[in-house]
Amino acid sequence: MQEQINNPLHGKRLDTIIEYLVEYYGWEELGQRISIRCFNDNPSVKSSLTFLRKTHWAREKVEQLYVKTLLKK
């Protein structure tokens, strides 16, 4: 149980994570940091959610960037 308390992803919804990263970096920089089509080609939160829910490796990259970004603050 202690692990979850210290896990910055615990209780975070994927849409919240994407919205945070878009606000922090913007779509263009986010697409440069994680080169996936849903960030570079007509990006939207909805299309990103659809892709990331089906693509485990891409979701992991987004989650890693989110944690890394939180640690910067």
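The values are calculated or read from the model by the stated rules, or taken from the named source; none is laboratory data. Not measured: the values here are computed from a predicted model. Because the Cβ atoms are built from the backbone with ideal geometry, glycine has one as well, and the counts that use them run over all protein chains shown. Side chains are part of the model used for accessible areas, which takes the heavy atoms of the whole protein and leaves out ligands, DNA and RNA. Shrake-Rupley method; radii C 1.70, N 1.55, O 1.52, S 1.80 Å.
Mind listing the phi-derived Karplus ³J(HN,Hα) values for the range 56-70, rounded to whole Hz, using 6.51, -1.76 and 1.60 with θ = phi - 60°, and x for any glycine or proline?
4, 5, 6, 4, 4, 4, 5, 5, 5, 5, 4, 4, 4, 5, 4
So how do THR69, THR16 rank on accessible area, 1.4 Å probe, biggest first, that is with the largest at the start? Mind showing how you got there, number by number?
Details: THR69 0, THR16 60 Å².
Greatest to least solvent exposure: THR16, THR69.
Do the sum for the chain: with -39,500 (n - 2.57) for every DSSP H run of n ≥ 4, divided by all residues, what is the mean residue ellipticity at 222 nm, to the nearest 500 deg cm²/dmol? The partial results should precede the final answer.
Working: 5 runs with 56 residues, N = 73.
Helix-only estimate at 222 nm: -23500 deg cm²/dmol.
Nearest 20 debye, what's the magnitude of the dipole of the range 14-72 about its Cα centre given +1 on Lys and Arg Cβ and -1 on Asp and Glu Cβ? Write out the running numbers ahead of the final one.
Working: 9 positive and 8 negative charges, 48 e Å.
Taking the Cα centre of the range 14-72 as origin, the dipole is about 240 debye.
Mind listing which chymotrypsin sites (Phe, Trp or Tyr not before Pro) in the range 1-62 are in a DSSP loop and have 10 or fewer other Cβ atoms within 10 Å? Could you put the intermediate results ahead of the total?
Working: sites: TYR20, TYR24, TYR25, TRP27, PHE39, PHE51, TRP57; in loops: none.
Sites meeting the loop and neighbour criteria: none at all.
Which one of TYR20, THR55, SER35 is farthest out on the positive end of the charge dipole of the chain, using unit charges on Cβ (Lys, Arg +1; Asp, Glu -1) and the Cα centre as origin?
The residue sitting farthest along the positive end of the dipole is THR55.
If you average 1/r over every pair of different alpha-carbon atoms in the range 14-72 and take one over that average, what Kirkwood value in Å do you get? The partial results should precede the final answer.
Working: mean 1/r = 0.0899 Å⁻¹.
After inverting the mean inverse Cα-Cα distance, the result is 11.1 Å.
How many nm is it between the label spots at HIS56 and ARG13, if each spot is 7 Å from the Cα in line with the beta carbon?
2.5 nm
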